[in-house]
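Some notes on the structure that comes next.
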Amino acid sequence: MQIEEWPLRDGDVILTKKGFIFYTFGYNHPKDHIITFLKYIPLKYKDLFDAKINFLEWQWMLNNDPLVRPTELYYGDILLSILRENFPEYLYFSKVFNKEIIVVPKLEIKTIFVPKKGFSLLVNKENPDTLEKEAISLIKLLSKTSEVPLNNFGIHGSILLGTHNEKSDIDIAVYGYSNFKKVKDSMRTLVSLDPSIKYLLDHKYDMFRKNRGLYNSRRFVINATRQKEEIQEVYGNKVYTPLADISFQAKITDNTEAVFRPAHYKIIDFINLSSSLPYVIPDEVISMIGQYRDIADVGDRLQGKGVLEEIRNIITNEKTYRIVVGSGRPHEYIEPYEQP
């Protein structure tokens with residue numbers, strides 16, 4: 001199967017042959033599989049999930065097929081067990097990550113929705129509806145103010161899939177670190193000068209991220225996607241081994257990679273708050289959870305709870321360590337820490 005966009009990037013959307021909607025997670029994938037999380041389930045399969053997973057009350061329609069959406073995107077072992085019993089083709093044991101992960105095999109893909117292509121199609125659409133017109137207008141405004149060309153923008157979410165309604169949000173992708181920073185700066189300018197743009201600050205981390213807003217009362221969000229040349233890691237060059245749960249504090253030395261998902265924070269001054277663990281020094285914190293992207297600056301301290309992992313470079317056999325937040329275990333988090 002020839003797929004022009006292969007390998008997929010974080011946020012690319014996959015419709016499978018069975019009608020499931022999966023979202024691509026990250027940028028580091030096995031050769032013929034894409035690491036994903038499950039977003040929408042065909043209504044006809046809902047009963048297989050109902051006993052263990054809660055669903056939102058609404059339904060979405062894609063190609064006249066009704067879809068339902070779990071209230072949470074990460075159900076850990078619960079979801080794995082359901083897929084193992086009913087849809088084992090969506091599971092894959094990764095020797096790189098030393099665990100079973102949710103994937104879509106290349107041969108199971110029916111359609112791929114790419115945010116960048118989705119926006120290109122939207123701009124050229126003959127009769128866009130009211131929400132689509134607002135999305136086009138907002139992105140053009142951000143592009144003009146930031147001087148980031150339109151071909152570095154994408155459209156995510158229900159607009160990309162064509163499942164939106166009059167209450168839907170505008171979910172924007174910006175391709176490239178420097179472009180994303182320019183767009184965020186332009187948003188700050190617009191908030192101060194343009195009454196149609198306001199920051200949306202109703203979540204705990206919004207004051208740090210400053211990537212959510214209102215455009216003429218329409219909610220929108222802006223997130224970063226890597227350009228292809230920004231994807232450095234090759235699947236299989238490193239092996240990750242979970243060691244133990246850990247609570248920690250640390251100081252950020254580099255947050256350049258924190259705008260993407262997974263979010264990477266380089267750290268020093270690490271304090272291990274789990275005294276029973278072996279004494280090793282991790283040099284970065286990785287968040288698999290999107291809400292922890294871009295929540296702190298260089299020089300700030302983080303605190304949190306996650307999983308300590310060993311990283312072995314297959315080529316050099318060098319070992320380093322990292323902390324992963326969002327491994328599937330409960331109560332994992334990171335947050336800025338202010339010393340008393």
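The values are calculated or read from the model by the stated rules, or taken from the named source; none is laboratory data. Please read these numbers as outputs of a predicted model, since none were measured by experiment. Ideal geometry is used to build each Cβ from the backbone, glycine not excepted, and the neighbour counts take in all protein chains shown. In case anyone asks, the SASA skips ligands and DNA or RNA and just uses the protein heavy atoms, side chains included. Shrake-Rupley method; radii C 1.70, N 1.55, O 1.52, S 1.80 Å.
Descriptive notes on the structure:
- Every condition in (1) at pLDDT 90 or above; (2) open to solvent by 10 Å² or more (accessible area, probe 1.4 Å); (3) in contact with a helix residue (DSSP H, G or I) (Cβ under 6 Å, 6 or more places away or on another chain) is met by Lys52 except one, and the failing one is (1).
- Residue within the stretch 38-49 that is under 30 Å from Lys238 (Cβ atoms) and either open to solvent by 40 Å² or more (accessible area, probe 1.4 Å) or touching a strand residue (DSSP E or B) at 6+ places or on another chain (Cβ under 6 Å) (or both) present: yes
- Hits in the stretch 298-314 (condition: touching a residue at least 60 places away in the same chain (Cβ under 8 Å) and among the acidic types (Asp, Glu)): Glu309, Glu310
- Residue within the stretch 67-74 that is touching a helix residue (DSSP H, G or I) at 6+ places or on another chain (Cβ under 6 Å) and outside any loop (DSSP other than H, G, I, E, B) present: yes
- Among the residues making up the stretch 180-209, those that are over 28 Å from Arg9 (Cβ atoms), outside any helix (DSSP H, G or I) and not charged (D, E, K, R) are Pro195, Ser196, Leu201.
- Among the residues of the stretch 232-242, some residue qualifies, meaning at least one is in contact (Cβ under 8 Å) with a residue 12 or more places away in the chain, touching a Leu at 6+ places or on another chain (Cβ under 8 Å) and either closer than 23 Å to Gln303 by Cβ or among the β-branched types (Val, Ile, Thr) (or both).
- Any chance Tyr45 is outside any strand (DSSP E or B), farther than 19 Å from Ile159 by Cα and in contact (Cβ under 8 Å) with a residue 60 or more places away in the chain: no
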